[in-house]
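Inspection log for the structure reproduced underneath, given as structure tokens.
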Amino acid sequence: MALVEGACRFGLWWVHVSWSGSVIHHVRFATSGSEGTVPDALRRYLRGRETDLSVFSTPATDDDAPYAAIYRVVRAVPYGSTATYGEIARAAGTHPRVVGMAMKRNPVPLIIPCHRIVAAGGIGGFSYGIALKEALLAMERKK
DNA sequence: CAGTGTTCAGGAT
DNA sequence: ATCCTGAACACTG
């Protein structure tokens, strides 16, 4: 199946996606972009009309590298709720700092909801800025 | 080897 | 109850 790219607006940001069928290869945020095709469910999600992104898959969870195990656990945290780096680490059999690294290098944010992972004592970090992380969490809470 | 989107216990305020 | 420290953790480039 052919690789397709497109973008969709989310508040102040643009979400750029490259995918092939139901397999999402890459997702990134940017401050610019232009309206294009993105998978339907993802577009609905970004408008707050869809809570289930499990129809998608991504190569990032496939191999047996340590990160893949972490990504699988993270995918299981439900819409609208959060987990801590420590909880994820225990479930994946690794250390919280590694979870941090895995989140930072997450190739498919949203599909792997790294924004739902917060620090034990606060909000934690986010590659694209805390503001975006909070916006995503706020949107999910509202539904 | 240094550096990480961390955590926890311990001690001081 | 809240605010520092400091050390350890597993993995990556």
The simple spin-label model distance between residue A:142 and residue A:32, using points 7 Å out along Cα→Cβ, in nm, is 2.7
Of A:60, A:120, A:102, the most mobile residue in a GNM of chain A (C-alpha springs, cutoff 10 Å) is A:120
For segment A:4-46, radius of gyration divided by Kirkwood radius, i.e. Rg to Rh on alpha-carbons: 0.92
Would you calculate a helix-derived [θ] at 222 nm for chain A, using -39,500 (n - 2.57) for each DSSP H run of n ≥ 4 and dividing by the full residue count, to the nearest 500? -9500 deg cm²/dmol
Please provide three numbers in whole Å: the alpha-carbon extents of segment A:43-126 along the principal axes, with the largest listed first. 34, 31, 18
Beyond 25 Å, what percent of the Cα pairs of chain A remain? 22
Cβ-placed point charges (K, R +1; D, E -1), dipole of chain A about Cα centre in debye, nearest 20: 420
I'd like the distance separating the alpha-carbon centroids of segment A:7-69 and segment A:77-104, in whole Å. 20
So how tilted is helix A:130-142 from the main axis of chain A? Cα-based, degrees 0 to 90, rounded to 10. 80
Near residue A:125, within a Cβ-to-Cβ distance under 15 Å, what is the net charge of the other residues, with Lys and Arg +1 and Asp and Glu -1? +4
Which of the listed residues, A:92, A:32, A:106, is farthest toward the dipole's positive end in chain A, when Lys, Arg count +1 and Asp, Glu count -1 at the beta-carbon? A:32
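Read-outs throughout are calculated quantities, based only on the coordinates presented, and are distinct from any laboratory measurement. Owing to the predicted nature of the structure, the values given are computational and were not obtained by experimental measurement. Cβ coordinates were reconstructed from backbone atoms using ideal geometry, including for glycine residues, and neighbour counts include every protein chain displayed.
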